[in-house]
Each structure stands twice: as C-alpha cells, then as structure tokens.
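Trainee: Quick one: the structure is below, and I'll ask about it shortly.
The values are calculated or read from the model by the stated rules, or taken from the named source; none is laboratory data. No experiment lies behind these values; they were computed from the predicted model shown. Here the Cβ positions follow ideal geometry from the backbone for every residue, glycine too, while neighbour counts run over all protein chains shown.
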Amino acid sequence: MAPRQEPSFRESVDLMFNRAAALMDLPPGLEEKIRVCNATYTVRFGVRLRGTIQTFTGYRSVHSEHMEPVKGGIRFSMGVNQDEVEALAALMTYKCSLVEAPFGGSKGGLRIDPRQYDEHELELITRRFAYELIKRDLINPSQNVPAPDMGTSEREMAWIADQYARMHTTDINSRACVTGKPLNAGGIAGRVEATGRGVQYAAQEFFRHQEDKARAGLQGTLDGKRVIVQGLGNVGYHAAKFLSELDGAKVTGIIEHDGALFNPAGLDVEAVRNWIVSHGGVTGFPDAAHTAKGTAVLEEECDILIPAAMEGVITLENAHRINAKLIIEAANGPITAGADDILREKGVVIIPDMYANAGGVTVSYFEWVKNLSHIRFGRMQRRDEESRHQLIVSELERLDQKMGDAWSLTPAFKEKYLRGAGELELVRSGLDDTMRIAYQAMREVWLSRDDVPDLRTAAYLVSIDRVAASYRAKGL
C-alpha cells in the first residue's frame with residue numbers, strides 16, 4: 001500500500017473547505033465562487049542597496065470581496081509564494097466571517113529575510129513595496145487594509161501608513177489604510193498582545209463547557225494544566241504569558257528555531273523570552289533541559305499544545321506521536337489536512353486557527369474603526385462613568401457611617417469600581433466578547449450535528465454560511 005501523500009498548505013485549506021461544503025446545500029456555482037481566490041497581484045521591484053540594485057518579489061492576494069475592505073497581514077519571509085499567500089487569504093475570509101468582522105479576506109507577502117538587512121534598508125524596501133501596492137489600491141482604507149504578520153511588526157505598519165499618507169495627502173482617513181500601527185501613529189492599545197490574548201480567551205471559553213472538556217478528556221480549570229508552546233514570538237509569548245500568569249497553567253515546554261526547553265515543574269515564560277531577546281534563541285537557558293531536536297518536545301505529553309509559529313508543523317509523519325489532549329492553533333495552518341484526520345481519530349480536540357488566532361483581526365477591526373472615527377475609545381464616556389460610580393460609592397459610604405462598624409467598603413473595591421474603562425479595557429472587553437460568541441456559534445454546530453466531527457468543520461460551516469448569505473444579499 002502506497003504511503004499517504006502529504007497535502008500542501010493550499011491543498012489542506014481547500015480540503016477542509018470541501019469537507020464542510022459537502023455538508024451544506026450550496027448551489028455549485030456559489031460554492032465555487034466562495035472557494036476560489038478572486039485575484040493575486042505579483043510585483044517585482046528593485047531597490048538600490050549597498051551600491052547595487054536588488055530585485056524583490058511580493059504578492060497581495062484578494063480571496064473574497066463579499067465585504068469590503070478586505071483584510072489580511074503582510075509577511076516578510078523567504079518562504080513566501082503565491083500558493084501560501086492565496087491559502088492565507090482564504091483563511092482570512094473565513095476567519096473574519098466567523099468572528100463577524102466586516103471584512104473580506106486578503107493576504108500579502110514579500111520574499112525576503114528581514115534579518116539580512118538593517119533598519120534603514122528595510123524601510124526603503126518596505127516603502128517601495130507599499131508604493132507598488134498603494135498605487136493599485138491594494139492598500140486603501142476602504143478597499144484593502146493590511147496588518148503585521150510573520151517577519152513584520154508595528155514598525156513596518158507605520159512606514160506603510162506614512163507612505164500612503166504621502167501619496168494621498170488629502171485623505172483624512174489615511175491612517176486607516178493599515179492596522180497594527182504604534183500607538184503614537186494611530187494604533188490602538190492592546191493590538192500587540194491581541195492574537196495571544198485571543199488564544200487565552202479561546203482556552204478560557206473552551207474550559208467553561210463541561211461537555212467540550214469531556215470530549216478532550218480534560219476536567220477542571222486551566223489552573224495547573226500542562227502547556228507546550230511551539231514558537232515564542234509575539235503570539236506564542238503572549239499566549240503563554242497570559243495562560244501561566246493569569247490562569248495558572250504550567251508551561252512545561254517551549255520550542256524555538258534552535259531547539260527546545262523542557263521542565264515538568266514549569267518554565268518562567270518572561271525569563272525565557274528575555275533570554276531569547278538577548279541570545280537569539282533558547283540555547284544555554286539555565287533553568288531547563290535543552291534539546292537541539294525541538295520536535296521531540298512537540299511530542300511530549302501535555303494537556304494543551306499551542307503551535308504558534310508557522311504552517312505545517314504537525315504532519316502525517318509526526319501526528320500519531322502527538323501526546324496532547326487539546327491543541328489550540330495559534331499559528332495559521334500548523335496542522336495539515338492529513339494530520340488533522342489522524343489527530344481526530346485519536347480523540348484529540350483541536351481549536352482551529354480560523355478561530356483561535358482571530359484576536360489579531362478582531363482588534364485590527366477596532367483600530368480601523370478608531371481611525372475612521374478619529375477619537376480614542378473611552379475618551380467621551382470614561383470620566384462620566386467614574387462620576388456615576390462615585391455617586392454610588394458616596395451613598396454607600398454615607399450609609400456606612402450611619403450603620404457604624406456593621407460593614408464597610410474595602411479600599412480595593414472602591415479603587416476598582418471607581419476606575420472607568422479606558423481604551424485597553426474596552427479593547428479587551430470587546431475581544432473577550434467576540435471570542436466567546438464565535439466559540440458558542442461553532443460549538444452549537446459541533447454538538448448538534450452528528451455529521452460534524454470536529455470544531456474545525458463547525459467553524460467552516462458557520463463561516464461559509466455567512467459568506468454565502470452576503471453573496472446572496474448582493475444578488476449572486
């Protein structure tokens with residue numbers, strides 16, 4: 001018998017779409033319209049660096065314009081190619097639909113290793129790439145809004161926003177052309193942590209439901225649960241930090257490009273992060289066992305595995321050796337379609353990428369709205385909220401004086417109750433609400449239909465149904 005062939009990332013996304021679409025009653029033409037990528041623009045441009053002209057190749061793919069603008073990150077990586085960008089754009093369509101962010105799906109990429117260039121060179125390259133996209137309306141507040149992704153950060157987003165403003169000097173909404181910007185360039189509080197925070201909220205919501213935990217062979221709360229994180233970049237770091245510091249989870253393994261750390265007693269996430277920043281990797285970290293073979297730790301026994309680096313890390317080759325009860329896909333496409341089948345047969349519950357890492361696009365939506373409204377969240381109501389709370393506290397204190405020592409307000413309660421919600425608190429509240437509602441939509445389909453074997457299929461069903469409804473409303 002011939003060995004099963006590993007599907008590509010693009011094929012995995014299509015296979016998962018087809019699996020869900022087969023359970024729906026969509027007209028064949030509409031199903032095809034939703035599945036295919038609308039357009040992909042390939043650009044090759046030159047930048048004079050170090051005395052010579054270097055040519056770079058970049059992509060911007062638009063998967064679906066059932067809603068506009070379309071939304072999706074820009075990644076800088078040598079692995080960027082058209083198939084990858086189109087697959088990621090498709091995932092963005094389904095992701096935005098699932099969390100009810102009013103965007104279509106898009107994605108961009110530049111084939112470059114950003115570590116090979118200094119900051120000034122990267123700025124020249126980024127601005128030229130942005131120029132090529134902006135002049136074709138592939139970056140535009142009302143048509144196509146990028147965000148950070150692998151290899152990019154708020155720094156690159158600030159350069160792109162400035163480049164757009166230079167080319168559209170009378171566009172009052174120019175800052176809304178891109179999200180994930182620094183706070184002092186039109187960004188929003190909580191955006192840097194947003195994807196990792198969303199992973200935390202996804203885990204919290206899963207653990208609120210007894211039936212869901214039982215399907216994964218788990219019980220209790222997140223407190224004390226063993227967690228292994230693959231990739232301690234922005235997403236993995238924040239997810240690990242929040243789950244360990246705020247929920248009491250125990251991060252026993254951290255996998256990076258130069259190997260992995262493992263400590264059954266738990267790792268200090270902040271200390272590991274600081275070591276990586278200082279030393280460029282986990283090698284030499286003093287308080288844990290180090291192995292150069294990171295995949296070995298990926299297969300260690302744990303309660304929760306969080307792949308947070310890149311696509312295709314759990315495959316047909318290693319899926320049967322995974323020893324996690326619950327996998328939360330913080331990265332895009334970390335589990336191939338073939339591996340997904342194996343894990344499901346083993347009884348592993350997977351919280352899918354299109355939901356688990358949707359925190360980034362959710363808070364990007366808040367940032368886009370902030371840029372269009374030209375006002376910081378909380379600016380109008382925060383002090384009014386505090387003054388209303390003060391009225392209640394003052395009245396309670398008056399009653400307290402009349403009743404003597406029978407009872408009194410604690411200082412901690414007063415401080416917390418009197419503090420009005422600022423932008424960060426409002427962003428976190430909106431993200432938490434979004435993640436809860438989206439999970440409940442998925443689990444309702446998962447638990448109510450015998451032909452829906454997992455949360456991933458349920459997520460696709462919810463998402464595709466909403467996209468189809470949008471197209472029908474347009475008259476298709």
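Trainee: Go through ILE351, ILE375, ILE342, ILE328 for me and flag whichever is at negative phi and touching a His at 6+ places or on another chain (Cβ under 9 Å).
Mentor: After ruling out the rest, the residue left standing is ILE342.
Trainee: So which residues in region 166-182 are in a helix (DSSP H, G or I) and either at pLDDT below 95 or within 26 Å of ASN332 (Cα to Cα) (or both)?
Mentor: Across region 166-182, the qualifying residues are ALA176, CYS177.
Trainee: Name every residue in region 264-293 that is crowded, with 20+ Cβ neighbours inside 10 Å and under 22 Å from ASP223 (Cβ atoms), in order of residue number.
Mentor: LEU267, VAL269, VAL272, ALA288
Trainee: Can you name the residue in region 314-325 that is in contact with a helix residue (DSSP H, G or I) (Cβ under 7 Å, 6 or more places away or on another chain) and among the aliphatic types (A, V, I, L, M) and, of all such residues, is surrounded by the most Cβ atoms within 10 Å (Cβ to Cβ)?
Mentor: So, considering only residues that are in contact with a helix residue (DSSP H, G or I) (Cβ under 7 Å, 6 or more places away or on another chain) and among the aliphatic types (A, V, I, L, M), the one surrounded by the most Cβ atoms within 10 Å (Cβ to Cβ) is ILE314.
Trainee: Looking at GLY281, GLY233 in this structure, which one is closer than 26 Å to ALA147 by Cβ, out of contact with any Lys or Arg (no Cβ under 6 Å at 6 or more places or on another chain) and at pLDDT below 95?
Mentor: GLY233
Trainee: Which one of the conditions (1) surrounded by fewer than 19 Cβ atoms within 10 Å (Cβ to Cβ); (2) out of contact with any Lys or Arg (no Cβ under 9 Å at 6 or more places or on another chain) does LEU261 fail to meet, given that it meets all the rest?
Mentor: Just one mismatch for LEU261, condition (1).
Trainee: Hey, among the residues in region 16-35 that are in contact (Cβ under 8 Å) with a residue 24 or more places away in the chain and assigned to a loop (DSSP other than H, G, I, E, B), which one's surrounded by the fewest Cβ atoms within 10 Å (Cβ to Cβ)?
Mentor: By that ranking, first place goes to MET24.
Trainee: With the structure loaded, tell me whether GLY378 is at pLDDT 80 or above, part of a loop (DSSP other than H, G, I, E, B), farther than 30 Å from MET24 by Cα and within 32 Å of the chain's Cα centre (by Cα) or whether it fails that test.
Mentor: Taking the combined requirement at face value, the residue satisfies it.
Trainee: How many residues does region 405-448 contain that are among the charged types (D, E, K, R) and without any contact (Cβ under 8 Å) to a residue 60 or more places away in the chain?
Mentor: 8
Trainee: Give the residue, chosen from ILE160, ILE228, that is more than 16 Å from ILE328 (Cα to Cα), crowded, with 20+ Cβ neighbours inside 10 Å and modelled with pLDDT of 95 or more.
Mentor: The conditions single out ILE160.
Trainee: Which numbered condition trips up ILE322, out of (1) of a type in the set (Val, Ile, Thr); (2) over 21 Å from the mean Cα position of the chain (by Cα); (3) at pLDDT below 95?
Mentor: Only one criterion in (1) of a type in the set (Val, Ile, Thr); (2) over 21 Å from the mean Cα position of the chain (by Cα); (3) at pLDDT below 95 is unmet by ILE322, namely (3).
Trainee: Would you mind telling me which numbered condition in (1) closer than 24 Å to ARG226 by Cβ; (2) buried (at least 24 other Cβ atoms within 10 Å of the Cβ) TRP368 fails?
Mentor: The failed condition is (1).
Trainee: Can you tell me which residue in region 388-422 is modelled with the highest pLDDT, limited to those that are surrounded by 11 or more Cβ atoms within 10 Å (Cβ to Cβ) and of a type in the set (Gly, Ala, Ser)?
Mentor: By that ranking, first place goes to GLY422.
Trainee: Please identify the pairs in which a residue from region 90-106 that is among the acidic types (Asp, Glu) has its Cβ atom under 8 Å from the Cβ atom of a residue that is modelled with pLDDT of 95 or more, counting only partners at least 6 apart or on another chain.
Mentor: GLU100/THR434; GLU100/ILE437; GLU100/ALA438; GLU100/ARG466
Trainee: Can you tell me which of (1) in a helix (DSSP H, G or I); (2) under 24 Å from GLN200 (Cβ atoms) is the one ILE350 doesn't meet?
Mentor: Every listed condition holds for ILE350 apart from (1).
Trainee: Here's a follow-up. For region 386-476, which helices (runs of 4 or more DSSP H) that fit wholly inside it have 1 or more residues that are touching a Gly at 6+ places or on another chain (Cβ under 7 Å) and closer than 19 Å to TYR365 by Cβ?
Mentor: 423-448
Trainee: Give the residues of region 146-193 that are touching a Lys or Arg at 6+ places or on another chain (Cβ under 8 Å) and among the aromatic types (Phe, Trp, Tyr), sorted by residue number.
Mentor: Hit for region 146-193 is TRP159, nothing else.
Trainee: Which ones in region 104-145 are among the β-branched types (Val, Ile, Thr) and either touching a Lys or Arg at 6+ places or on another chain (Cβ under 8 Å) or under 25 Å from PHE366 (Cα atoms) (or both)?
Mentor: Within region 104-145, THR126, ILE134, ILE139, VAL145 meet the criteria.
Here is a yes/no grid of residues against (1) among the aliphatic types (A, V, I, L, M); (2) touching a residue at least 12 places away in the same chain (Cβ under 8 Å); (3) under 21 Å from VAL199 (Cα atoms):
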| site | (1), (2), (3) |
| --- | --- |
| ALA239 | yes, yes, yes |
| LEU261 | yes, yes, no |
| PRO264 | no, yes, no |
| GLU270 | no, yes, yes |
| ARG273 | no, yes, yes |
| GLY281 | no, yes, no |
| PHE285 | no, yes, no |
| ALA289 | yes, yes, no |
